[in-house]
Amino acid sequence: MTLRLHDTATRDVRDFVPLEAGKAGIYVCGLTVQSEPHIGHVRSAVNFDVLRRWLTASGYDVTFIRNVTDIDDKILARGEAQGRPWFEIAYRMRRELDRALDAINVLPPTYEPAATGHVPEILELIGQLVTRGHAYRAEDGSGDVYFDVRSWPSYGELTRQRVDDMEPAEDADPRGKRDPRDFALWKGWKKALEPETAAWPSPYGPGRPGWHIECSAMAAKYLGPAFDIHGGGVDLRFPHHENEMAQSRAAGQPFASYWLHNAWITTAGEKMSKSLGNSMLIPSVLTRVRGIELRYYMVFAHYRSHVEFSFEALDEAARSFRRIESFLDRAEDAVGEVPRDGMLCADFVAAMDDDLGTPAAIAAIHEVVTEGNKHLTAGNRTALRGSLASVLAMLDVLGLDPHDPGWETVAASSDGRLSSAVDALVAGLLEERSVARAEKDWARADEIRDRIAAAGIIVEDTPDGPKWSLAEGKEDGS
RNA sequence: GGUGGGUUGGCCGAGAGGCGAGGCAACGGACUGCAAAUCCGUGUACACGGGUUCAAAUCCCGUACCCACCUCCA
């Protein structure tokens, strides 16, 4: 069985055939770092992180490029509004994004190029387009350079739209465009309105890159003129990816072989716009569930399915994940650490190969957990080891292995010491309770258990004696 | 106007002609001093109306409602 992926360009699920055997080049449009990362932004990152991990697990040597667009109108506007330099905003948001992605165990890309660091490459590409007759200088002396949509007959091929059917762009400022649908490759510096730091020298005068062109330039630089997979959110299909495709192909590059797009995550049926407040921002969500639970929630739905976000669904996903985690804990108590050579079960592999069917993949994990729980009860250690290793291996593919060092946080490093301190305190009480139970003094035993519970610690009796764990729940102090 | 997607049980969420994915919740049973955890069992869901077929949630036609994109939103 080979990997099959849904390609937006052909609108079907096709076998993945890499340009070069055993290698995969992926370019994912990251963020325009203009605001704090919310769960929508992060979904895209998780989805493509899973793609990358699956390709890696399948034996591919993956080069994964995720860009950062660190200059655009909104960044400039935000800097202006806050009275801060635009580059400070961009950099701060970029660091926040890094923190958010670290918190949900998204692997750092192979490289993360930024638009502002690739002006020469961008200008070279624009130059090629001008030479080939697909781009022109604005006729109003603004210093803009536009892509000439009419000069490229296959424009619209990605989203199957005909130029004549498109709504004419209601750009506030058509400026020097030949056709309203032409888009900016280079934006001339507006001296009166924009800081000098936002302008770079060019043959067309000082200015900055338009949106779209940076991705074409950077994809070519790091992956070559032809590469395997290009990804991003559905909204990027048009105009962003359509324009990238047009630019790169008009410049003579084959560009991406497969186009993958993840669906939206919305709240209250609405896009996660910045006006919704901060409850959907990652740091806020992480006060409610752990990063690994948030990631599980995102992997739980197929990447092409629209997700209507709710805290209820998030909590439910967290409970579902704890079933798996609880199995890991108990199994490891029973047989200790297992080598990292677990089998991916056939259902799991088939699900992942089928356009990254993570919901079915998770179902496969749950089935192995059920099997493992039976082995645990039966005391079948050999079989249990197999189930445990298998569950860990499958979780690892999804970036959900709790032992993954990626989950280690500053707080976690003190967890061990805290845990042994609590253990020492609770041990005495549990000893007392054991004595009471031995004397069948149930009232006394329950009283001790209640006292421990009042401290937020749950006691469970197992064949190997009592075990304590922290109660789950919202840490809202109530 | 153009392009694309959706509507599945109490809830989340897969599937895409024929055996009820999986999880959460609920209920019953086993286990337990009681619990917890775990295991076993319990559900006849696919927006609506037609049609094709031996067989339709899945294909076709129609209807309703919802959503996304159409030039700087993941």
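Brief remarks on what is shown
- Helix axis angle, A:86-103 relative to chain A longest principal axis, alpha carbon, degrees: 30
- Burial ranking of peptide ranges A:416-427, A:200-211, A:153-164 (average Cβ count within 10 Å, highest at the top): A:200-211, A:153-164, A:416-427
- Candidates A:CYS215, A:PRO120, A:ALA331 compared by Cα position along the dipole of chain A: farthest toward the positive end lies A:PRO120, with charges placed on Cβ.
- Among beta bridges that DSSP assigns inside chain A, antiparallel share in %, nearest 5: 50
- Compactness of chain A as Cα Rg over 2.2 N^0.38 Å, two decimals: 1.17
- For chain A, the 222 nm mean residue ellipticity estimated from helices alone, with every DSSP H stretch of n ≥ 4 adding -39500 (n - 2.57) and the total spread over all residues, rounds to -14000 deg cm²/dmol.
- Chain A: angle of helix A:73-82 to the longest principal axis, Cα-based, in degrees nearest 10: 70
- Annotation: amide H-H contacts under 5 Å for A:ASP140 (H modelled 1.01 Å from N, sequence separation of 5 or more, or interchain): A:GLY176.
- Centre separation in Å (Cα based) which lies between the stretch A:43-117 and the stretch A:190-218: 20
- The amide H of A:ASP182, built 1.01 Å from its N in the peptide plane, has A:VAL149 as neighbours under 5 Å, considering only residues 5 or more places off or on other chains.
- All Cα-Cα distances of the stretch A:313-406, cut into 5 Å bins from zero to the largest, leave 3, 14, 26, 26, 19, 9, 3, 0 percent in each bin in turn.
- When chain A is described by a simple charge dipole with +1 on each Lys and Arg Cβ and -1 on each Asp and Glu Cβ, the residue from A:ILE452, A:PHE238, A:LEU356 located farthest towards its positive end is A:PHE238.
- Over the stretch A:4-267: Kirkwood hydrodynamic radius from C-alpha pairwise inverse distances, Å: 19.1
- Violating pairs (Cα-Cα greater than 19 angstrom) within the set A:LYS187/A:LYS221; A:LYS190/A:LYS221; A:LYS23/A:LYS221; A:LYS74/A:LYS191: A:LYS187/A:LYS221; A:LYS190/A:LYS221
- Carbon-plus-sulfur accessible fraction, the stretch A:4-267 (probe radius 1.4 Å, protein heavy atoms only): 51%.
- With both labels modelled 7 Å from their Cα along Cα-to-Cβ, the A:ASP15 to A:LEU425 distance reads 6.2 nm.
- Helix A:358-378 and the longest principal axis of the C-alpha atoms of chain A enclose an angle of approximately 10°.
- Summed side-chain charge close to A:ALA438 - residues other than A:ALA438 whose Cβ falls under 12 Å, Lys, Arg +1, Asp, Glu -1: 0
- The charge dipole of the stretch A:313-406, taken about its Cα centre with unit charges on the Cβ atoms of Lys, Arg (+1), Asp and Glu (-1) only, comes to about 420 debye.
- Taken one residue at a time, the phi angles of the stretch A:58-69 give Karplus couplings (6.51, -1.76, 1.60, θ = phi - 60°) of 7, x, 7, 8, 9, 10, 10, 10, 10, 8, 10, 9 Hz. Gly and Pro are set to x.
- Packing-based ranking of A:431-441, A:2-12, A:70-80 yields A:70-80, A:2-12, A:431-441, ordered from highest to lowest mean Cβ neighbour count within 10 Å.
- Global geometry of the stretch A:413-470, whether rounded, prolate or oblate, following the gyration tensor of its Cα atoms and the 1.5 cut on a/c: prolate
- In the stretch A:1-111, Cα pairs under 8 Å separated by at least six residues give a relative contact order of 29 percent.
- Mean Cα-pair separation over length for chain A, i.e. relative contact order, pairs under 8 Å, 6 or more apart, %: 16
- Sorted on the mean count of surrounding Cβ atoms within 10 Å across their residues, most packed first, peptides A:26-35, A:394-403 read A:26-35, A:394-403.
The values are calculated or read from the model by the stated rules, or taken from the named source; none is laboratory data. Predicted model only: the values in this text are computed from it and were never measured. Cβ coordinates were reconstructed from backbone atoms using ideal geometry, including for glycine residues, and neighbour counts include every protein chain displayed. We work out accessible area using only protein heavy atoms, side chains counted, and drop any ligands, DNA or RNA first. Shrake-Rupley method; radii C 1.70, N 1.55, O 1.52, S 1.80 Å.
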